[in-house]
Each structure stands twice: as C-alpha cells, then as structure tokens.
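Novice: There's a structure below that I have some questions on.
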Amino acid sequence: MTAQIIDGKAFAAKVRGQVAEHVARLKTDHGITPGLAVVLVGEDPASQVYVRSKGKSTVESGMNSYEHKLDATTSEADLLALIDKLNNDPAVHGILVQLPLPKHLDSDLVINSIDPAKDVDGFHISNVGLLGTGQKSMVPCTPLGCLMMLRDHHGKLAGMDAVVVGRSNIVGKPMAQLLLGDSCTVTIAHSRTKDLGEVCRRADILVAAVGRPEMIPGDWVKPGATVIDVGINRIERDGKTVLVGDVDFASAATVAGAITPVPGGVGPMTIACLLANTLTACCRANGLAEPEGLTA
Ligand SMILES: Nc1nc2c(c(=O)[nH]1)N[C@@H](CN(C=O)c1ccc(C(=O)N[C@@H](CCC(=O)O)C(=O)O)cc1)CN2
C-alpha cells in the first residue's frame, strides 16, 4: 500500500485564505483590524526564521503585525513590563512569546503573564484548564493544525483509536485533549512506554511528537492508519543537513493509509492556525461570531 500524502502546505494556504477573507469582512463591516504582537528574545536562528515568517503571514492576511525583538540579556522584569503593555493595548488581539526563551527567563511565569484572552499560543494555564475541561479556550496552534487536517481527511473522528507519542505541554497533551474532544479513544505514549511498537500498532490515528528523528518505523504502523508527524529534526545525511520527522517516512508510507510529510506537513499549519487564533481572539474581544471551521 502507498499512503496518501496529506499536503499541509496546501491545506495551510487554504486556511490562510479563509482567515484573509474573514479579516477583510471584519474591516469593511466593523472597521476592525486584528493585531498580533510577537515577542522574540535573543538571536536563536530558527526562532528568527519562524518570527519573520509569522510577521509576513500576518501582514499578508490583512492583520496588523507588531514585532518586538529584545536582546538576549533582557531581564524578566523588562519582558513582563512589555507583556503588560501589550495586554492593555486594544489594538493587540493576540500575543505570542517565541519559544524557547533564554535560560535565565522563566517560561511558565512569562507565558502566564499574558492575558489568556490574547494568548494565541494557548499555552496559558487558564487555556490549558479550559481545554482540559472541554470549555471554550485558545488552542495551541500545532495540535489545532493536526486536528484540522484529521477532520478534513476523515470527516468525523468519533470512535477511532488514537495514539499520541509524546507528552509535551505544547503538542502531546493538548493533542490528546483535542482528540478526546472529538470522541477518539486516546492513548498518550512516550519514550518510557512499554512495548511502544505494540501500542502504536493499535492506532487508527498515530500522532508522532517525540522529537527523535525517524524513531517510528513502518512496522509500528497499523495498515491503513493515518500518520501525523509533528517532528522537525535536522540531521546530517550523505554530507548534507536534511529535515526529517519522528516517523521513518519511507517505511511508514508503504503501510499507512495517509501520512503527513516533513517538511510540508504539520509545520506550515502551525503558522496558519496562529493567524486563525488571532482572528478568533479578535472576534471574541469584539463580541462577534467566531470564524467557522477555524477553531476546535
Ligand atoms: N511560541 C511558540 N514557540 C514555538 C512554537 C509555537 O507554536 N509557539 N512552535 C515551534 C516553532 N514554530 C513556530 O513558532 C514553527 C515550527 C515549524 C514551522 C514550519 O513551517 N516548518 C516547516 C519546515 C521549516 C524549516 O525548513 O525549518 C515544515 O515543517 O514544513 C513553522 C513554525 C517552536 N517554538
């Protein structure tokens, strides 16, 4: 069997187009322009690329982008003061602090200082609690993107066996909550799970988010399963740096029914969902109906 490739790049372009249409309507009907503030501390090269891409996509969708680039030595007090200013700025509907932060800064403290209504990353403890209890929240972008692709591919997910490999706060745990919300039977597995291959082979939906290059081989995949690969790992191969996922794509694609590639799968959906979340936050702030199909 050769798996269908789930094209995240094309799907993300579609989502970005839907966001842009909503933004245009918000402007003409209500005179409102959503605004996203992105805060980058330090010069991590990958983070710089992601932040640049976020700013560009925000402007392309018709929203206002506010970039705050701070020195790597910025104190916690100064960062918290900036977040407080953004929390109180009515032109800013979404706030995102790019991770990872430099080691001297307490990420939990920083994230939890963001107004939960503007927390477009969905990392604030209030949003984590709301998602966990099935209430309206801001949903982390990467798992939201995975959910959108799964719903698009399968329609309803109810009753499917889903295995999420990885238990991070950013992907694994919220992904499991979202799948549970769609009535899947969910297992969260991780590097210390016994008989991990056996557990993975039960999955109709297998989400790999462990951060280990090509850790999941094709013989861990149930024939016909849908494989969502969240991993973005840079490795050396044949003298070149290449990007690979957490799944061994070549072997998994011969067994799976559908699979996301790396690059071009889950990654592009992260930024598309950030735009969708910013739009959602803006609609909520103004008491307007939320954009359909762009939330969990
Ligand atoms: N505050 C946050 N920090 C981080 C997040 C996040 O969601 N919020 N996620 C990641 C980085 N990230 C966005 O910030 C991100 C990662 C990857 C991609 C992407 O499109 N990847 C491409 C490959 C790009 C490449 O060549 O490197 C793909 O998979 O096709 C977008 C956004 C950590 N920090």
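Quick note: the coordinates plus some simple rules give every number you see, no bench work behind them. Note that the structure is predicted; figures quoted are calculated from it, not measured. Using ideal geometry, Cβ is built from the backbone for each residue, glycine included, and neighbour counts are taken over all protein chains shown.
Novice: Arrange 128, 163 by Cβ neighbour counts within 10 Å, fewest through most, would you? If you can, show how the numbers build up before the last one.
Specialist: Numbers: 128 22, 163 27.
Neighbour counts put them in this order, fewest first: 128, 163.
Novice: Shifting gears a bit: Compute the angle between helix 8-30 and the longest alpha-carbon principal axis of the chain, please, reported from 0 to 90 degrees and rounded to the nearest 10.
Specialist: Tilt relative to the chain: about 30 degrees.
Novice: Rounded to the nearest 0.05, what FRET efficiency is calculated for residue 193 and residue 219 with R0 set to 22 Å and r the Cβ-Cβ distance? Numbers along the way, then the final one.
Specialist: Values: r = 17 Å, r/R0 = 0.75.
Computed FRET efficiency for residue 193 and residue 219: 0.85.
Novice: What is the distance, in nm, between label points placed 7 Å from the Cα along the Cα-to-Cβ direction at residue 250 and at residue 59?
Specialist: 4.1
Novice: If the only charges are +1 at each Lys and Arg Cβ and -1 at each Asp and Glu Cβ, what is the size of the charge dipole of the range 31-116 around the Cα centre, to the nearest 20 debye?
Specialist: Numbers: 6 positive and 12 negative charges, 67 e Å.
Result for the range 31-116 is approximately 320 debye, rounded to the nearest 20.
Novice: Pairs of lysines 8 or more apart, or on different chains, with alpha carbons under 20 Å: count those in the range 31-116, would you? Write out the running numbers ahead of the final one.
Specialist: Working: 54/69; 56/69; 69/85; 69/103.
For the range 31-116, qualifying lysine pairs total 4.
Novice: Quick one: length gained pulling residue 241 to residue 104 fully straight, 0.36 nm per residue minus the C-alpha distance? Write out the running numbers ahead of the final one.
Specialist: On the way: separation 137, 0.36 × 137 = 49.32 nm, distance 3.00 nm.
The residue 241-residue 104 span can extend by a further 46.3 nm.
Novice: Taking only Cα atoms of the chain, what ratio of Rg to Rh do you get with Rh as the Kirkwood inverse-distance radius?
Specialist: 0.97
Novice: Given a Förster radius of 51 Å and the C-beta distance between residue 25 and residue 202 as r, what FRET efficiency does 1/(1 + (r/R0)^6) yield to the nearest 0.05?
Specialist: According to the calculation, E is roughly 0.70.
Novice: So, one more: Just for the chain, what percent of DSSP beta bridges are antiparallel, to the closest 5?
Specialist: So the antiparallel bridges in the chain amount to around 15 percent.
Novice: Starting from the Cα of residue 33, move 7 Å in the Cα-to-Cβ direction to define the label point; list residues of the range 270-286 whose amide nitrogen is under 15 Å from there.
Specialist: Within reach of a label on residue 33, which here means backbone N under 15 Å from a point 7 Å along Cα→Cβ, the range 270-286 contributes nothing.
Novice: To the nearest 10 degrees, how steep is helix 45-60 against the longest Cα principal axis of the chain, on a 0 to 90 scale?
Specialist: 70
Novice: For a footprinting-style exposure proxy, rank 93, 68 by other Cβ within 10 Å, fewest first.
Specialist: Least to most surrounded, the residues fall as 68, 93.
Novice: Given charges of +1 on the Cβ of Lys and Arg and -1 on the Cβ of Asp and Glu, with all other atoms neutral, how large is the dipole of the range 141-268 about its Cα centre, in debye to the nearest 20?
Specialist: 280
Novice: Helix 172-181 versus the longest principal axis of the chain: what is the Cα-based angle in degrees, 0 to 90, to the nearest 10?
Specialist: It works out to around 80 degrees.
Novice: Here is a follow-up. Test of understanding: what is the full-extension gain from residue 14 to residue 76, defined as 0.36 nm times their sequence separation minus their Cα-Cα distance?
Specialist: Details: separation 62, 0.36 × 62 = 22.32 nm, distance 3.82 nm.
That works out to 18.5 nm of additional length.
Novice: Also, quick follow-up: Give me 149, 175 sorted ascending by neighbouring Cβ count inside 10 Å, so fewest comes first.
Specialist: Lowest to highest Cβ neighbour count: 149, 175.
Novice: Straight distance only, please: which aspartates and glutamates reach the Cα of residue 136 with their own Cα at less than 19 Å, same-chain residues fewer than 8 apart left out?
Specialist: Within the straight-line limit of under 19 Å, residue 136 reaches these aspartates and glutamates: 115, 119, 121, 182, 290, 292.
Novice: How big is the charge dipole of the chain about its Cα centre, in debye rounded to the nearest 20, if each Lys and Arg gets +1 on its Cβ and each Asp and Glu gets -1 on its Cβ? Working shown, then result.
Specialist: Details: 27 positive and 32 negative charges, 83 e Å.
Its charge dipole is roughly 400 debye.
Novice: Within the range 141-268, what is the number of lysine pairs with alpha carbons under 28 Å apart, leaving out pairs fewer than eight places apart on the same chain?
Specialist: Here the count comes out as 5.
Novice: Mind giving me the FRET efficiency for residue 49 and residue 5? R0 is 35 Å, r the Cβ-Cβ distance, nearest 0.05 is fine.
Specialist: 0.90
Novice: Here's another thing I want to ask about it. Compute the signed sum of charges (Lys and Arg +1, Asp and Glu -1) over the other residues within less than 9 Å, Cβ to Cβ, of residue 245.
Specialist: Values: positive: none; negative: 214, 229, 246, 248.
That sum, taken over residues with Cβ under 9 Å, equals -4.
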